[in-house]
Every structure is written in C-alpha cells, then in structure tokens.
Amino acid sequence: MTAGLWTNWLLPGVWITIQLTLYSAVFAAVVAFGIGMARTSRLWIVRFLTGFYVEVFRGTSALVLMFWLFFVMPLAFHYQLVPMWAAVLALGLTYGAYGSEIVRGAIAAVAPAQREAAIALSFTPAQRMRRVILPQAIPEMIPPFNNLLIELLKATALVSAVSVADITFAAQLSRLATGDSLQIYAIILVLYFVLAFVLTRLMRLLERRAKAGIGQAPVTSGKGPLLTRKLSARQETEQSSNTITAGGAQ
C-alpha cells in the first residue's frame, strides 16, 4: 500500500468510524436509558409502548432500517437525511433497543431493601431513581454496555452500503485501486481490533471508577462476583433495616 492510500482513504476512514461510533453510542445511550426506565413504569400503557418499541427495533435489521431512512424516507416524506445521520439514527435506534433491556435488568436487580429504605425516607419516585437506584444500577450496566459498544463499533461497517466513507468503504476503494485484497483486509481487521481494544480498556476503567464510587472493590477472582453480590445484598438489607428503624424511632 502507498502512503497516498493511507492519507487519502484509510486514515480519514478511521476518523469517520470513530465519529460514527461515538455519535451512535451517545444516541443509543439516551434511547436505552429513556426506554429502559420507562419499562419499569407503573402505567401499563407506557410499558406496552416501550415494550413494542424494543420488540420492533430488536427484531428488524439495522441495515434494512438504514436503507429505509436513506432511500425510502425521501420518497415517502420528501425529506432527505445525509448518509452520516441516517446511519447514526439507524444504529442508535437499533442498539438503543438492546441497551434498554440492560438498563431495565440492572434497575430490577437493585435490592428491594434499597427501595423500601428510600420509601421510608419519603423520597419521591424520581428521587428514588436518581439518588438510590441508578447509582447502584449503573456499575452493573457497564460490562454488558461494553459488549454492546464493541458490537456497535463492528456494526459501523454497514454504513458503507449508504456511501459513508468509513474504514470498510475506504478498504473497498483501496482494493479496487490496488487489487490487493489480502493485505488491505488484513489491515482493516487489525484497525477494528485496535479500536475495540481501546474501547474495552476505557470501559473497564469507567467500571472500576463507578464501583469505587459506591464502595465496591474490583473483583479479581473467579468466585468474586457472586460473593460480592451476596455480601452486598446482606449489607444493604442490614443498612436499610437500620435506616427504617431509626426513622421509626424519630
């Protein structure tokens, strides 16, 4: 490969892929938290609508949705999205549906004693979610969000189908220019691996800091997670009982 291929195609393609991943991840996180928390609502209509959203976007193809937004929507609604934002919207809606299940599961996994203690302290539902539930649920969301982020990074390769000049699109142009498929696609595999490795390291750092913020030590042994959860649940129950007792005494 020549220096011109790197400077004109591959390196700009890497930057486009990074932007796609970041924009889609932010949008998917907003969707995931909004839908995930709404799925815990007491109103059945809210749970039904958010559950319908999850089933639709989790059961459809991100590539077909991308085609629909880029090719069909201009014909149906006379509104044209640029390729980058059509890709971000399709990936964000799809992976936000997956992420909403992570959020819902992490919220449901918070010990009931924590909710009872917050109710005993006369917290409103919004205060319970913001001050008690989410601070404990977010550290448990990070490992599955890490996997989902890596899947999102790899899914950005789909955007080459709508002419977004990401790494895969640059690789196709480079292959057509040089005819060397082996070297070019081997380099692309390495580039994706490097990006995924960097994201994994950053997410693990974020996980350690999030757990340190609520007083959880990082797990180092194979039996650590189960033991940590058992001890944490027991301590939560004892602390909540003490809190409720103190409140009753007052």
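Which of the helices (runs of 4 or more DSSP H) found entirely inside region 60-176 contain at least 2 residues meeting this: crowded, with 17+ Cβ neighbours inside 10 Å?
62-67, 83-108, 112-120, 134-155
Rundown of residues vs (1) at pLDDT below 95; (2) polar (S, T, N, Q), yes/no style:
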| residue | (1), (2) |
| --- | --- |
| 31 | no, no |
| 72 | yes, no |
| 76 | yes, no |
| 80 | yes, yes |
| 84 | yes, no |
| 110 | yes, no |
| 113 | yes, no |
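Name the residue that is surrounded by the most Cβ atoms within 10 Å (Cβ to Cβ), counting only residues in region 190-209 that are basic (Lys, Arg) and under 16 Å from the mean Cα position of the chain (by Cα).
Looking at residues that are basic (Lys, Arg) and under 16 Å from the mean Cα position of the chain (by Cα), I get 204.
The values are calculated or read from the model by the stated rules, or taken from the named source; none is laboratory data. Values in this document were obtained by computation on a predicted structure and should not be read as measured data. Quick reminder, even Gly has a Cβ in these numbers, built from the backbone with ideal geometry, and neighbours come from all protein chains shown.
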